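Below is one structure, written out as structure tokens, with a few remarks after it.
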Amino acid sequence: MFNKRSRIKELLGTDRTGYEAVVMGWVRTFRNNQFIALNDGSTNNNLQVVVELGQYDESILKRITTGASLKVTGEVVPSLGKGQKVELKASSLEIIGDSDPEKFPLQPKKHSLEFLREIAHLRFRTNTFGSVFRVRHSLAFAIHQFFNEKGFVYLNTPIITASDAEGAGEMFKVTTLELGTPPKNEDGSIDFKEDFFGRATNLTVSGQLEGELAAMALADVYTFGPTFRAENSNTARHLAEFWMIEPEMAFYDLEDNMMLAEEFIKYIISYALTNNADDLNFLAQRLEEEEKQKPQNERSEMGLIEKLEFVTNNNFERLTYTEAIDILRESNHNKKKKFQYQITEWGVDLQSEHERYLVEKHFKKPVILTNYPKQIKAFYMRQNDDGKTVAAMDILAPGIGEIVGGSQREERLDKLVSRMNEMNISTDELDWYLDTRRFGSCPHAGFGLGFERMVQFVTGMTNIRDVIPFPRFPKNAEF
Ligand code: 4AD
Ligand code: MG
């Protein structure tokens, strides 16, 4: 067997010494022809491997370069150096893969995140991305654990679909037809009957509608899968391909929905705080250094860990859209015309600058906004008695803005159909969806958490492109 090795995290995690261990990993640095800092991805803390002077020929030593992969066997001994309790005294050393130092793009120095994005295939080998992706993993695990503990069923909804769940028309088409010469109908439109599925299809924007079907039998379900939006948003919070968690619950109203969402967010943050302390401390320090580059008034008031603890220990602020509009309209920020989009009237959609003002300046904590005007929300949201608003809820997080979007669903068939007609959404095509309202309909609700926005929030990374391994955004589908 080749891979009988110890994880560096385990070796460094105890004071135990005087035993033999085999480690494999990649060289971060090699000093004085004697000290190798070896990393195997289990932690940012490198294992110091000590090679005795004269133990190896010059020809071997020359191949111990940044990026090379090694197998080292040796004795775990107390370390005299600073920063670690133990180190490995090499008894045998094998170079598994060479790395030409003239060509390896990662040098043992600080690289900008922009540069690292261009070499995303190698950026896993930096401390920052090691930490980000270990935390991302932990959050994914915590999400499944949270729902499993609550008896939810994990549901896989289709990635290729014929429906536009959000009705926003931001879909990537899926087809096997020839681009240049697709078959045409008599009226000149494309004849999708000839296409692979015999109809027009697209990549899913949300698994919600299918989630609702399952919730009408399994009661509590959640999805966790990739979703796709062809919106041309070049921002630090938008991706064309992102992962979303969408729980959907029968016999739930908006209040139940808010309580679950808040508990859920706190649970996964606490999980990371407990299980990723080293990585979060590293990221906190990284963020602190990044913040020092900013002018005083733009720096965050709390450090990363402090912010996460604050969020888990305090209730989210709840208010209606209407109350939020009043706060924004009356704010000095608005009066002094500091918003790019002035708030003048009820009914306008909130821009991220407004969301961030509410959470960062006004309340200084996460906010749940409810009961939005119906004209800025999707067709499936439950209509309130006022005739103007729907039972929507968005959760806004400091530094991010909208992190969750959800609602109580319209369970009354007649109301749903009339709203679909008003919004020009085909009731024929969604007849299967309407069946849920025909047979044993019940109050139900759900929400979607943008996974990358959550990872951003927990890791403190400023750009969403740095929390997914291979980001997809306008004009970029590298790797
Ligand atoms: O608010 P959205 O569009 O809601 C839905 O898709 C509903 N079907 C969810 C539901 O009720 N089941 O998206 C939900 C969340 C947003 O709050 C945001 O966090 C994230 O998904 N999101 C994006 N994340 C990254 N890039 C994008 N382009 C995103 N669009 C939405
Ligand atoms: Mg939304």
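Just a few scattered comments:
- The listed residues are 234, 275, 281, 257, and the only one of them that is modelled with pLDDT under 95 and either polar (S, T, N, Q) or crowded, with 21+ Cβ neighbours inside 10 Å (or both) turns out to be 234.
- Evaluation of residue 306 against (1) part of a helix (DSSP H, G or I); (2) surrounded by 15 or more Cβ atoms within 10 Å (Cβ to Cβ) (one fails), failing number: (2)
- Any hit, the range 418-441, residues being part of a strand (DSSP E or B) and not hydroxyl-bearing (Ser, Thr, Tyr): no
- Considering residues of the range 197-207 that are closer than 14 Å to residue 230 by Cβ and within 16 Å of ligand 2 (Cβ to nearest atom) only, the residue surrounded by the most Cβ atoms within 10 Å (Cβ to Cβ): 204
- Top-ranked residue of the range 341-361 - restricted to ones that are touching a helix residue (DSSP H, G or I) at 6+ places or on another chain (Cβ under 6 Å) and surrounded by fewer than 16 Cβ atoms within 10 Å (Cβ to Cβ), ranked as nearest to residue 388 (Cα to Cα): 346
- Considering only residues in the range 360-387 that are within 18 Å of residue 424 (Cα to Cα) and part of a loop (DSSP other than H, G, I, E, B), the one that is farthest from ligand 2 (Cβ to nearest atom) turns out to be 382.
- Residue among 210, 186, 166, 194 that alone is charged (D, E, K, R) and loosely packed, with under 11 Cβ neighbours inside 10 Å: 186
- Top-ranked residue of the range 64-117 - restricted to ones that are part of a helix (DSSP H, G or I) and without any contact (Cβ under 8 Å) to a residue 12 or more places away in the chain, ranked as surrounded by the fewest Cβ atoms within 10 Å (Cβ to Cβ): 114
- For residue 453: the one exception among (1) under 30 Å from residue 266 (Cβ atoms); (2) within 16 Å of ligand 2 (Cβ to nearest atom); (3) part of a loop (DSSP other than H, G, I, E, B): (3)
- In the range 146-170, the residues that are of a type outside the set (Asp, Glu) and within 16 Å of ligand 2 (Cβ to nearest atom): 165, 167, 168, 169
- Qualifying positions in the range 387-408 - more than 25 Å from the chain's Cα centre (by Cα) and over 24 Å from residue 351 (Cβ atoms): 387
- Residue that is farthest from ligand 2 (Cβ to nearest atom) [pool: residues in the range 391-402 that are assigned to a strand (DSSP E or B) and touching a Pro at 6+ places or on another chain (Cβ under 8 Å)]: 397
Listed here are the residues, each with its yes/no results for (1) hydrophobic (A, V, I, L, M, F, W, C); (2) free of Cβ contacts under 8 Å to residues at least 40 places away in the same chain.
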residue: 182; (1), (2): no, yes
residue: 190; (1), (2): yes, yes
residue: 207; (1), (2): no, no
residue: 232; (1), (2): no, no
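- Hits in the range 128-164 - residues which are closer than 30 Å to residue 425 by Cα and touching a residue at least 60 places away in the same chain (Cβ under 8 Å): 153, 154, 155, 156, 157, 159, 162, 163
- When residue 144 is tested against the conditions (1) within 25 Å of the chain's Cα centre (by Cα); (2) in a loop (DSSP other than H, G, I, E, B); (3) not aromatic (Phe, Trp, Tyr), the lone failure is (2).
- The listed residue being at pLDDT below 95 and among the small types (Gly, Ala, Ser), out of 41, 83: 83
- Test: residue 38 is buried (at least 17 other Cβ atoms within 10 Å of the Cβ), assigned to a strand (DSSP E or B), touching a helix residue (DSSP H, G or I) at 6+ places or on another chain (Cβ under 9 Å) and of a type outside the set (D, E, K, R): yes
- Selection status of residue 409, farther than 30 Å from residue 315 by Cβ and either hydroxyl-bearing (Ser, Thr, Tyr) or within 16 Å of ligand 1 (Cβ to nearest atom) (or both): no
The values are calculated or read from the model by the stated rules, or taken from the named source; none is laboratory data. As the structure is a prediction and not an experimental result, all values here were calculated from the model. Note that each Cβ is placed from the backbone with ideal geometry, even for glycine, and that neighbours are counted across all protein chains shown.
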